[in-house]
1. Search the structure for amide H atoms under 5 Å from the amide H of Thr33, placed 1.01 Å from N in the peptide plane, and list their residues when 5 or more places away or on another chain.
2. Determine the dipole magnitude for segment 80-127: charges of +1 sit on the beta-carbon of Lys and Arg, -1 on that of Asp and Glu, nothing else is charged, the reference point is the Cα centre, and the result goes in debye to the nearest 20.
3. Name the shape class, rounded, prolate or oblate, that the alpha-carbon gyration tensor gives for segment 11-93, where a ≥ b ≥ c are the square roots of its eigenvalues, rounded holds for a/c under 1.5, and otherwise prolate holds if a/b is larger than b/c and oblate otherwise.
4. Provide the gained length on full extension for the span Asp147 to Asp77, in nm with one decimal, where the gain is 0.36 nm per separating residue minus the Cα-Cα distance.
5. Please compute, over every Cα-Cα pair in segment 106-173, the percentage with a separation greater than 16 angstrom.
6. For the chain, what is the relative contact order in percent, using Cα pairs closer than 8 Å and at least 6 residues apart in sequence?
7. Given Ala126, Gly67, Leu40, which one lies farthest toward the positive end of the charge dipole of segment 1-137, if we put +1 on the Cβ of every Lys and Arg and -1 on the Cβ of every Asp and Glu?
8. Using 7 Å Cα-to-Cβ label points, what is the Glu162/Thr103 separation (nm, one decimal)?
Amino acid sequence: MNNSSATENKKVVLGQLGKVHGLKGWLKLISFTSPPENILDYSQLLVEIDQHCQVLEIDEYRQQANGLVVHIKGIDDPETARQLTGVELAVESEALPVLEAGTYYWHELEGMEVINRQGELFGRVASLLETGANDVLVVEPTDDSVDGRERLIPYLVGLVVEQIDAGKRLIRVNWETDYLE
């Protein structure tokens, strides 16, 4: 992982709590990690409830046919658990495993400017999409962009994505302004 001051102490959302499951306060866990079980590597997760950051601890989990269900320490009834429905689960970015050089977490790419070989600014990475074949950069225009178009650019390192400069927060792509989105 390429740590920069822009990513230090940043909260990274790893999942979300879903519907109540059963009568003992269990909740469905919607994991954004790959594979989904990786979220369980973090027993303590940060949540924001009523604009206050709190720590929740997953003390038990079960794999179900339709995904994971978890029990949060101290939450033992469906009424209390229901208050957590929809809450996002996060960790501090430095708690994530270190990646090999040249590989990045999605949150590290978000906010980077994207330019092409000709130096034309397309905008900033707003998010990424997982399509199955490859990930896709969702690039939203900025005031300084070459035009006002949102672009979907395949995240194919070496083929489309030619260079990532984490220090300058810049991604250089082999992509033309008139390519279809």
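1. Under 5 Å from the amide H of Thr33: Ile39.
2. The calculation lands at about 200 debye.
3. Oblate is the answer for segment 11-93, as a/c is 1.5 or above yet b/c matches or exceeds a/b.
4. 19.9 nm
5. Numbers: 889 of 2278 pairs.
The calculated P(r) of segment 106-173 puts 39 percent of pairs beyond 16 Å.
6. Across the chain, relative contact order equals 19 percent.
7. Result: Gly67.
8. The two pseudo-label positions are separated by 2.5 nm.
Where a number appears in this text, it was derived from the coordinates with a stated rule and is not lab data. Note that the structure is a prediction, hence the values are computed from the model and not measured. Here the Cβ is made from the backbone with ideal geometry for all residues, glycine too, and neighbour counts use every protein chain on show.
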